[in-house]
Amino acid sequence: MTDQIPKPDPEVTPENKPYWDAAKNHELLLKKCVDCGHYRSPIYITANICPNCGSRKPADWVKASGRGKVYTWVVMHRVFHPGFEPEYPLVIAELEEGPRMLANMRGIPNSEIKAGMPVKVIFEKLNENITLPQFAPADK
Ligand SMILES: [Zn+2]
């Protein structure tokens, strides 16, 4: 018997499947509006409506640079279950293309995370179906 609480995988839907397929190949995809060029994250906005111009045309999938800067972050000093301790800190980074993205920060002590610090996307394979985009300091 294990004391770990099984954590659910992200839900793969027909709408976000290209995002997860690309992550398996260590590529970060964003959606780009075909009318105004606005970039948006495909996994936090499920409606196929551009939040910038209201276009309902299907957005293009485009490869993102994978670079950004820390916008904000949270460190849980008392996690509700030890199994979730590796999930912190959570960082919201503003990507070069504009959207903000939530992921875990890896490879740096919590005390060294600073607003505005450059980050890059790295990829962690959870299982055969899911590879998670995560953040790491851009200079490491
Ligand atoms: Zn648009």
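Data for the structure
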| item | result |
| --- | --- |
| Positions within region 23-38 being within 15 Å of Pro99 (Cβ to Cβ) and under 14 Å from the mean Cα position of the chain (by Cα), in sequence order | Leu28, Leu29, Leu30, Lys31 |
| Residue match in region 10-18 (condition: surrounded by 13 or more Cβ atoms within 10 Å (Cβ to Cβ) and at pLDDT 90 or above) | yes |
| Selected residue [of a type in the set (Asp, Glu) and farther than 16 Å from Leu29 by Cβ] from Glu87, Glu97 | Glu87 |
| Conditions (1) within 14 Å of the ligand (Cβ to nearest atom); (2) within 24 Å of Lys114 (Cα to Cα); (3) not hydroxyl-bearing (Ser, Thr, Tyr): number failed by Pro89 | (1) |
| The one condition in (1) more than 16 Å from the ligand (Cβ to nearest atom); (2) within 11 Å of the chain's Cα centre (by Cα); (3) more than 20 Å from Ala138 (Cα to Cα) that Ser41 fails to fulfil | (1) |
| Strands (runs of 3 or more DSSP E) wholly inside region 38-140 containing at least 3 residues that are without any contact (Cβ under 8 Å) to a residue 24 or more places away in the chain and surrounded by 13 or more Cβ atoms within 10 Å (Cβ to Cβ) | none |
| Residue within region 105-116 that is β-branched (Val, Ile, Thr) and modelled with pLDDT under 90 present | no |
| Residue that is farthest from Val91 (Cα to Cα) [pool: residues in region 21-37 that are within 16 Å of the ligand (Cβ to nearest atom) and part of a strand (DSSP E or B)] | Lys32 |
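The rows are residues; the columns are (1) under 29 Å from Pro14 (Cβ atoms); (2) of a type in the set (A, V, I, L, M, F, W, C).
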{"site": "Pro42", "(1), (2)": "yes, no"}
{"site": "Ser65", "(1), (2)": "yes, no"}
{"site": "Lys69", "(1), (2)": "no, no"}
{"site": "Thr72", "(1), (2)": "no, no"}
{"site": "Val79", "(1), (2)": "no, yes"}
{"site": "Pro89", "(1), (2)": "no, no"}
{"site": "Ser111", "(1), (2)": "no, no"}
{"site": "Val119", "(1), (2)": "no, yes"}
{"site": "Leu132", "(1), (2)": "yes, yes"}
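The values are calculated or read from the model by the stated rules, or taken from the named source; none is laboratory data. Just so it is clear, the model here is predicted, and its values are computed rather than measured. Reconstructed Cβ throughout: ideal geometry from the backbone, glycine too, with neighbour counts over all protein chains shown.
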